[in-house]
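**Q** I'd like to ask some things about the structure below.
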Amino acid sequence: MEQIAKLVVDGKTFELPIITGSEGERAVDISRLRQETGLVTLDPGFVNTANCQSCITFVDGEKGILRYRGIPVEQLAEHSRFVETAYLLINGELPTHEQLNRFSVLLNDHSLVHEDMRAFFENFPRWAHPMGILSSMVNALRAFYPEIPERSEEEEINITVTRLLSKLRTMAALSYKILRGHKVIYPRQELPYAANFLNMMFDSPVRSYEIDEDVVKALNVFWILHADHEQNCSTAAVRLVGSAKVNLYAAISAGISALWGPLHGGANQAVVEMLREIHESGSDPNPFLARARDKNDPFRLAGFGHRVYKAYDPRGRIMKGVCDKVLGKVTREDPLLDIAKRLEEVALKDPYFIDHNLYPNIDFYSGILLRAIRIPTNMFTVMFAIGRLPGWISQWKESMETPHWKMQRPRQIYTGPEEKDYVPIEKRG
Ligand code: CMC
């Protein structure tokens, strides 16, 4: 039976359909609201607004559940690899052996970037942020790999998707090497995705990089945990920009720009900077908690809180376990891990954090893992971007394929001055 909500405006009743998602989430469908009532809705930050119906990722923020195409992220983190999870997100099902092999071969075939692009990487100032470089260079890919009119739309999309997945990783390592003035290391055919990335980052003519399977596994888990998170800020940006029918490179470049923000993907960098500050000030987290509680201080505890999770972020829990394992194996001790654990312990008992449902999010421990595998701090958000790419792509594809596709164009409630006349400059007081 169709469920309806009733809206009474000026004494007149309007019926609005209620739609229910596959996990029981309910939404009032207001798509005909303006047409029927003349009203629009006001929802700053889209806190109550579903932008689309999507069958990719399910998040239950109250229960701390995250599933990609129905599969719990815990199972993917344990059993899958990033490339397989990317395939799952983009194609809707886990691949067979044959499909996965074909996908891996394609990723390998597209892993090089046009040699002429190196000149661009070389001419960025040395202090340029790698996220700015990445979003510019992803946008530039369209110029280097223009659309071929003879190709069908489907072929064009498939090749663009494969290029992006493979080249984003190469471009990240390329910019790292070039900004340091080091020799560029090319991708190697025999190495799988994550190992290939680590090798491009850390191999050098004077010291060859030894691939450690535990580090490769940790990186796979890191990327799997970041692979999609339904309608977050950067994904919404990809859908919105994509809805103007720009090419996929431009839409992904917009996603990278959104992700750069410290409230979003930039938080992993902010966490490590905050932990370092706590360390340098004597390792006592309490003054930082006091600042986070103080309404007159804009300071927030980086890596805490989430728009959707009002429980422990399931990704944060897995990340914490991976940190313990990798730090135990590959490195010396990291004082920041101890500080993070102490900070978490104190914050979780603090009435302010309890009342506000503030728990560690994915970024709280991810920076510590990245430090342990020698990723420099300013590249943390780039690592997030590589991980989120399959999510952006699958969400973009879904939005392009939706039967009721519409260019996204929100409304507003105008609160500025009413009509008034132009005053010539000499008459302005
Ligand atoms: N430290 C202190 N107070 C906080 C924090 C925090 N980290 N996060 C939220 N609050 C408070 C906030 O001050 C507000 O208090 P009040 O209601 O008393 O005014 C209340 O909690 C709600 O905050 P909000 O900003 O309205 O909530 P939101 O859902 O818009 O914020 C958030 C979500 C992630 C932007 C926010 O929690 C935050 O700024 N966290 C720190 C940055 C961070 O770790 N970001 C990574 C998010 S996870 C990865 C990703 O999505 O990219």
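**Q** As a check on your grasp of the helix formula, calculate [θ] at 222 nm for the chain: sum -39500 (n - 2.57) over DSSP H runs of n ≥ 4, divide by the residue count, round to the nearest 500.
**A** -16500 deg cm²/dmol
**Q** Debye calculation, C-alpha points only, no solvent: report log10 I(q)/I(0) for region 114-248 at q = 0.14, 0.21 Å⁻¹, in the same order as the q values.
**A** So the normalised log intensities are -0.80, -1.44.
**Q** Tell me the GluC sites (Glu not before Pro) within region 181-286 that lie in a loop according to DSSP and have at most 15 other beta-carbon atoms within 10 Å.
**A** Those that pass, being in a loop and sparsely packed, are Glu190, Glu210.
**Q** For region 340-352, what does the Karplus curve 6.51 cos²θ - 1.76 cosθ + 1.60, with θ = phi - 60°, yield as ³J(HN,Hα) per residue in whole Hz, taken in order and with x for Gly and Pro?
**A** The phi angles translate into 4, 5, 5, 4, 4, 4, 5, 5, 5, 9, 7, x, 4 Hz.
**Q** Also, quick follow-up: Beyond 19 Å, how much of the Cα-Cα pair distribution for region 216-286 remains, as a whole percent?
**A** 52
**Q** If you don't mind, there's one more thing I want to ask. Where a ≥ b ≥ c are the square roots of the eigenvalues of the C-alpha gyration tensor, would you call region 341-410 rounded, which needs a/c under 1.5, or, failing that, prolate if a/b is larger than b/c, or oblate?
**A** Since a/c reaches 1.5 but b/c is at least a/b, the shape of region 341-410 is classed as oblate.
**Q** Taking the alpha-carbon distance from Lys245 and a cut-off under 25 Å, which lysines remain once sequence neighbours fewer than 8 residues away in the same chain are dropped?
**A** Leaving aside lysines fewer than 8 places away in the same chain, those within reach of Lys245 are Lys167, Lys397, Lys406.
**Q** Beyond 31 Å between alpha-carbons counts as too far, so tell me which of Lys217/Lys349; Lys6/Lys349; Lys177/Lys217 fall in that bin.
**A** Long pairs (Cα-Cα over 31 Å): Lys217/Lys349; Lys6/Lys349.
**Q** Tell me which trypsin sites (Lys or Arg not before Pro) from region 59-106 have a DSSP coil assignment and no more than 15 other beta carbons within 10 Å of their own. All intermediate terms of the calculation are to be shown ahead of the outcome.
**A** Numbers: sites: Lys63, Arg67, Arg69, Arg81, Arg102; in loops: Lys63, Arg69, Arg81.
Answer by residue number: Lys63.
**Q** May I ask you to derive the FRET efficiency for Gln99 and Ile65 from their Cβ-Cβ distance with R0 = 30 Å, giving the value to the nearest 0.05?
**A** Numbers: r = 27 Å, r/R0 = 0.91.
E(calc), rounded to 0.05, equals 0.65.
**Q** What shape does region 205-330 have by the C-alpha gyration tensor, where a ≥ b ≥ c are the square roots of the eigenvalues, rounded means a/c under 1.5, and otherwise prolate means a/b greater than b/c and oblate the rest?
**A** Judged from the Cα gyration tensor, region 205-330 comes out oblate (a/c at least 1.5, b/c at or above a/b).
**Q** A further question follows. Can you sort Ile159, Ile90, Ile375, Ile4 from fewest to most other Cβ atoms within 10 Å of each residue's own Cβ? Write out the running numbers ahead of the final one.
**A** Details: Ile159 16, Ile90 24, Ile375 21, Ile4 13.
Fewest to most other Cβ atoms nearby, the residues stand as Ile4, Ile159, Ile375, Ile90.
**Q** Mean projection of the alpha-carbon convex hull of the chain over all orientations, in nm²?
**A** Its Cα hull, projected and averaged over all orientations, spans 29.0 nm².
**Q** First check a/c for region 174-234, with a ≥ b ≥ c the square roots of the eigenvalues of its C-alpha gyration tensor; if it is under 1.5, answer rounded, and if not, answer prolate when a/b is larger than b/c or oblate otherwise. Mind dumping the intermediate values first?
**A** Values: a/c = 2.72, a/b = 1.58, b/c = 1.72.
Verdict is oblate for region 174-234.
**Q** What do you get for chymotrypsin sites (Phe, Trp or Tyr not before Pro) in region 393-429 restricted to DSSP loop and a cutoff of at most 15 other Cβ within 10 Å of the site's Cβ?
**A** Loop-located and lightly packed - Trp405, Tyr414, Tyr422.
**Q** Distance from the Cα centre of region 112-173 to that of region 201-244, in angstrom?
**A** Centre-to-centre (Cα) distance: 16 Å.
**Q** Related question: Tell me, what does the Kirkwood hydrodynamic radius of region 271-429 come to in angstroms if you use every pair of distinct C-alpha atoms?
**A** 19.3
No value in this document is a laboratory result; all are computed from the given coordinates. Note that the structure is a prediction, hence the values are computed from the model and not measured. Note: ideal-geometry Cβ built from the backbone for every residue, glycine included; neighbour counts use all protein chains shown.
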